Amino acid sequence: MADEVILLDAWNSAFGMRVRVALAEKGIKYEYKEQDLGNKSPLLLKMNPIHKKVPVLIHNGKPICESAIIVQYIDEVWNDKAPLLPSDPYEKAQARFWVDYIDKKMYDVGRRVWSSKGEELEAVKKEIIQHLKLLEGELGDKPYFGGETFGFVDIGLIGFYSWFYTYETLGNFSIEAECPKLIAWAKRCMEKESVSKSLADPHKVYEFIKGIKKMLGLE
Amino acid sequence: MEEVKVYGVWASPYSQKVIWALKLKGVKFDYIEEDLHNKSQKLLQYNPVYKKIPVLVHGEKPVAESVVILDYIEETWPENPLLPKDAYERAVARFWIQFGQEKSPTFHAFFRTAGEQQEKAVKEALEVLKILEEKGLGDKKFFGGNNIGLVDISFGWLAHWLEGMEEVVGIKLMEPSTLPRLHKWIKNFKEVPVIQENLPDPEKLLAYFKVLREKFVRDLPSNDQ
């Protein structure tokens, strides 16, 4: 029986990118449905009634919500190739810990970058650098967070790379200057087709945010 | 077999979750009580990122964050499974565990604030509990089905800690008339022997909540009191 896989997503969602990368790593055929988050579709509201957010994976009619949960689901169901999580329970726990850290910290600071200014913006900038430096420390000298192979934590963070240009431009700083190893890691990930085809264009993301700021009178 | 240690605090539902999971699986462990006003060197060494409890240490390897710890326990000691075997059912269980995590600020606000801010928190908390009852629990005896699982463990705080919080704040959220299924779930959950035998003393907990609540109210900006 052929699997029906549908992804409800928004082009600039760092969380949606996690799922796109995971699906590409596994070579899974799926239908991508772009969602307008300002005017949510009946399908999105039906498939994620509690949070009404993207991404949502619909597998043979059944919805799975929350990007980290979706990626784990994909790894467990399509377990014949490209393992995304380590098999060792302790390594797996470490991977989950860091994706949880990214979930807790990155979305919030990312949002505050474009919605704040002056002193507040400076504070957010410092936080972003702090979080990225901690993650860079965790990466160490490994090619990927998972070690020799691209995995769960790499997938967890890489989507935010398409937002770095926006953070840098609005905050007037260089992430590469602060975290050179992390940028080297991101570029290494971008060499993978699963990543380069899944991530949003950083300049388009910035234009989008500029538009939002203008609309909200936050320039 | 490698040594298992749990760093926790007697009043914390987060460390209790870890204890419940280990006991349900018959895993022997040493428990170390932490003083959060004077955190031990070990705790800071084992959880440098958050410096919080609970932390599970297996061999000399630390695992932090209760949600991560519970998954680790489930995978390391697969006997008496606490998560479904089916991948989809497992994703649903994880969804509810995460839902609980995401909504904890609402219940914190319920306990820590007053006036308008608290009213807002009460309204949100009631919505959360309604969703949990209708969509999470439904007609099942436990979130895990016929037996308790990680989702039940994750919401265990509703079964014992919420009561004390409600009494101290003077507002009841868990009304049997509006949340009959959750009410029944609380009764069933507390009848599970491992849970029954591993709950902090309710009198002691109530006294602890009273002290905390006084402190929170004292620290509120004056127009919120």
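Since every read-out is calculated from the coordinates, none of them should be taken as a lab result. Just so it is clear, the structure is predicted and the values come from calculations on it, not from any experiment. Because the Cβ atoms are built from the backbone with ideal geometry, glycine has one as well, and the counts that use them run over all protein chains shown.
Beta bridges per DSSP, both residues in the protein assembly as shown: antiparallel share near 70 percent. Pick from B:Val57, B:Val67, B:Val211: which is most flexible by mean-square fluctuation in a GNM of chain B where alpha carbon atoms under 10 Å apart are linked? Maximum fluctuation in the GNM of chain B, among the listed residues, is at B:Val211.
Between B:Tyr208 and B:Ile171, full extension at 0.36 nm per residue minus the direct alpha carbon distance yields a gain of 11.6 nm.
Phi-derived couplings, Karplus 6.51 cos²θ - 1.76 cosθ + 1.60 at θ = phi - 60°, listed residue by residue for segment B:154-164: 4, 9, x, 4, 5, 7, 9, 7, 4, 3, x Hz, with x used for Gly and Pro. Modelled this way, with points 7 Å down the Cα-to-C-beta line, the labels at A:Met215 and A:Arg112 are 2.4 nm from one another.
Protection proxy ranking for A:33-39, B:102-108, using the average of other Cβ atoms within 10 Å per residue and placing the highest first: B:102-108, A:33-39.
Per-residue ellipticity at 222 nm computed for the protein assembly as shown from its helices equals -17500 deg cm²/dmol, with DSSP H segments shorter than 4 residues left out and the rest contributing -39,500 (n - 2.57). Excluding A:Ser196 itself, calculate the net charge of residues whose Cβ lies under 12 Å from the Cβ of A:Ser196, where each Lys or Arg counts +1 and each Asp or Glu counts -1. Summing Lys/Arg as +1 and Asp/Glu as -1 gives +2.
Other residues with beta-carbon under 10 Å from the beta-carbon of B:Val194 carry, at +1 per Lys or Arg and -1 per Asp or Glu, a net charge of +1.
Ordering A:Val113, A:Gln35, A:Gly171 by the projection of their Cα atoms onto the charge dipole of chain A, which places +1 on the Cβ of Lys and Arg and -1 on the Cβ of Asp and Glu, puts A:Gln35 at the extreme positive end. The string of couplings for segment A:127-142 from the Karplus curve (6.51, -1.76, 1.60, θ = phi - 60°) is 5, 4, 4, 4, 5, 5, 5, 5, 5, 4, x, 5, 5, x, 9, 6 Hz, one whole number per residue in order, with x for Gly and Pro. For chain A, give the share of DSSP beta bridges that are antiparallel, in percent and rounded to the nearest 5; count only bridges with both residues there. Roughly 70 percent of the DSSP beta bridges within chain A come out antiparallel. The Cα atoms of the protein assembly as shown give a gyration tensor whose axes a ≥ b ≥ c have a/c under 1.5, which makes the shape rounded.
In percent, rounded to a whole number, the relative contact order of segment A:89-216 is 28, using alpha-carbon pairs under 8 Å and six or more apart. The residues packed around A:Lys26, meaning those with a beta-carbon under 15 Å from its beta-carbon, carry a net charge of -1 if Lys and Arg are +1 and Asp and Glu are -1.
Modelled this way, with points 7 Å down the Cα-to-C-beta line, the labels at B:Glu60 and A:Ser196 are 4.4 nm from one another.
Find the centroid of the Cα atoms in segment A:63-123 and in segment A:171-219, then give the distance between the two in whole Å. First find each Cα centre; the distance between them is then 17 Å.
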